[in-house]
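Derivation of every value follows stated rules applied to the coordinates shown; laboratory data play no part. Please read these numbers as outputs of a predicted model, since none were measured by experiment. With ideal geometry, Cβ positions are generated from the backbone for all residues, glycine too; neighbour counts draw on all protein chains shown.
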Amino acid sequence: MGLGAWGGGVGCALLAALWGWQALHRPSSPSSSANSAVPSGIGSAASSAQRKSKNPAVSHETAQAETQAQQARSIKKAAIEEMLDVRKKAQSGLLTRAEIENQQIKLRRSLASSLDCAEKALRLDPSNRTAWEQKTAVLYLLERFGEGLESAERGLKLYPKDVDLLDAKDKIQTKMRGSSQGTPT
């Protein structure tokens, strides 16, 4: 049974959120912040400065935070690639509803793992740009829009011109307006 046969019913919300996020997801877009020499998602200028710090504890924690943030990105990327494959198969009628729902469970677990990595990164380095971007993206994909909006706003306090966080905030607010009006977005 193909995905379209359900009319977007049960089990399709996460896929719809994923497909909506694709338009926003730009893995290596440049940031328009004052630190535009640093590609978005690589880390903040503050993180770079801390890495060069003479304090080894700060440098070690910052490096650990960046590793966790990059792991969050990798896990999210793998989950998205898997779901794109599921989407193709579902549209071709190659998957049953149960198979799609099983894939969604797997995706939610992967996204929870990605969120955990982003949160660990932020505990180690609350100024890690990559971690704020990944946390916001994952919360959006998990349809936790209130938390995603809060994450975007906290990241934007540190990086007010970060294109990815600005786009994510806009996308989340659009989803929240649509759901409060009872309109699917």
Can you tally the net charge around Ala131? Count Lys and Arg as +1, Asp and Glu as -1, for every other residue whose Cβ sits under 10 Å from the Cβ of Ala131. +1
Quick check: net charge around Gly93, other residues with Cβ under 15 Å of its Cβ, Lys/Arg +1 and Asp/Glu -1? +2
Rounded to a whole number, the Stokes-Einstein D of segment 43-179 in µm²/s (Kirkwood radius over Cα pairs; 10 °C; 1.306 mPa s) is 100
Using only Cα atoms, locate the centre of segment 118-185 and the centre of segment 96-113, then give the distance between them in Å, rounded to an integer. 22
